[in-house]
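Have a look at the structure below before the remarks.
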Amino acid sequence: MASLSAHEVYMEEALRLAARGRGRTSPNPMVGAVIVKNGRVVGRGWHERFGGPHAEANALEAAGWRARGASLYVTLEPCAHYGKTPPCTEAIIRAGVRRVILGTRDPNRKAAGGAAILRRAGIEVIEGVLEESCRRLNAPFFKYIRTGMPLVTVKWAMTLDGKIAAPGGDARWVTCDEARQRAQMLRAEHDAVCVGIGTVLADRPRLNCRYRGAAWQPRRIVLDSLARTPLDSPILSSPGGEVMIAVTSAAPLRRVRALEKAGATVLRIAKGSDSRVNLEKLLKRLPDMGILSVMIEGGAEVLGSAFDAGVADRVAVFVGARVLGGRKALSAVGGVGARRMAFAEGAKIVRVEKVGEDLMIEAEPGDWSWFRPVCG
């Protein structure tokens, strides 16, 4: 592997800082900033929470007078508009920063234009350092800005022969401890996790994040057209993120009120052609609630509906070193499915990693045209 340039070393540090805001900045992006002077870091900052100071402002405050004549590394183009905070470009110019190195342009037209403003102020601007890494960090933000939809990851665990459970439904455990811990880490990378009512009834999950390093809890969404979630379900009583139950107009009002009294937020969503919750319409509502990324964990019919509706952006599959065999063992993905092999083309495997005794495979089956670099 080629050694990193000095610009890349500092940008990597900015990326690590940015990731500290995971789960706290949506619907804003995660951003990290590092200020360097005479080869030494004199200021660090990141966007810590939605509505709070931006990464650049925090780094400039940390640097103080040492920012004058320094270089600022920032993962996303500094904003140029008044929102919940003043424009970062103004603060950078006032601080006397000499050079700004940015990872990627801001896809949000309301906030973009910072690079041009800085150049007009006589500040040198270098663009595109670790650009793909900076865009991937905020892939949910890029997708939302360009499509109005959250980024959707579908996740499942299966055996070597593609089964998720024995004929009677026994699925404990398909994968090893290390793989299950990695799955918990994935939860922590999303604003929300989502399952169908079948999973809630069969497995009684908590859906909270039990990764030891998790600093926050994603929200928990149940697709439950008839409001059948039991009031004694662990998802309602266990600590974790807000519980959101998506129902249709067919849900009895008494059940809806009982769920609300139990602490759940009930979302009324239009029916799909199968009389279940219309997944696409639900996803379109989530960004207004600050949810820009969702991980769908099952069951098979819910996973299948994500592919049938064409909303799956990423796939995370854990493959356990087991073989179930037999015709009645349960397959991972249901739904209508593709009628021909040619219709299933287009997915791209982006990573294969050994996790404990098992494998983790990541793929991108969707149209990622919204991920292209920002130009202009």
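Listed values, structure above:
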read-out	value
Of all residues in the range 300-312 being touching a residue at least 60 places away in the same chain (Cβ under 8 Å) and surrounded by 24 or more Cβ atoms within 10 Å (Cβ to Cβ), the one that is nearest to VAL277 (Cα to Cα)	VAL302
Cross-chain or 6+ apart pairs with Cβ under 7 Å, the range 54-79 first and on the phi > 0 side of the Ramachandran plot, then at pLDDT 95 or above and of a type outside the set (Gly, Ala, Ser)	GLY69/LYS37; GLY69/ARG98
Number of positions in the range 294-308 that are at pLDDT 90 or above, outside any helix (DSSP H, G or I) and among the small types (Gly, Ala, Ser)	0
Members of the range 318-368 found to be over 16 Å from GLY162 (Cα atoms), modelled with pLDDT of 80 or more, open to solvent by 60 Å² or more (accessible area, probe 1.4 Å) and not hydrophobic (A, V, I, L, M, F, W, C), listed by number	LYS348, ARG351, LYS354, GLU357, ASP367
Hey, GLY325 without any contact (Cβ under 8 Å) to a residue 40 or more places away in the chain and either assigned to a helix (DSSP H, G or I) or farther than 25 Å from ARG22 by Cβ (or both) or not	no
Considering residues of the range 256-299 that are in contact with a strand residue (DSSP E or B) (Cβ under 8 Å, 6 or more places away or on another chain) and among the charged types (D, E, K, R) only, the residue farthest from ALA312 (Cα to Cα)	GLU260
Any hit, the range 21-31, residues being modelled with pLDDT of 95 or more, over 20 Å from ASP288 (Cβ atoms), buried (at least 18 other Cβ atoms within 10 Å of the Cβ) and basic (Lys, Arg)	no
Every pair of residues 6+ apart whose Cβ atoms lie under 6 Å, when the first sits in the range 92-103 and is touching a residue at least 12 places away in the same chain (Cβ under 8 Å) while the second is exposed (fewer than 15 other Cβ atoms within 10 Å of the Cβ)	ILE93/ALA121; GLY96/ARG68; ARG98/GLY69; ARG99/GLU124; ILE101/ILE126
Residue match in the range 122-130 (condition: of a type in the set (Val, Ile, Thr), open to solvent by 40 Å² or more (accessible area, probe 1.4 Å) and at pLDDT 95 or above)	yes
Test: residue in the range 85-93 that is open to solvent by 30 Å² or more (accessible area, probe 1.4 Å), at pLDDT below 95 and within 29 Å of the chain's Cα centre (by Cα)	yes
Residues being under 17 Å from GLY299 (Cα atoms) and in contact (Cβ under 8 Å) with a residue 12 or more places away in the chain - total across the range 127-177	19
Test set (1) free of Cβ contacts under 8 Å to residues at least 60 places away in the same chain; (2) on the phi > 0 side of the Ramachandran plot; (3) not charged (D, E, K, R) - ILE117 fails condition number	(2)
Entirely in the range 49-155, the helices (runs of 4 or more DSSP H) that have 1 or more residues that are among the basic types (Lys, Arg)	88-95, 114-120, 131-137, 139-147
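The values are calculated or read from the model by the stated rules, or taken from the named source; none is laboratory data. Predicted, not measured: the structure shown is a model, and the values here were computed from it. For neighbour counting, all protein chains shown are included, and Cβ atoms are generated from backbone atoms with ideal geometry for every residue, glycine included. What goes into the accessible areas is simple: the full protein's heavy atoms, side chains included, and nothing from ligands, DNA or RNA. Shrake-Rupley method; radii C 1.70, N 1.55, O 1.52, S 1.80 Å.
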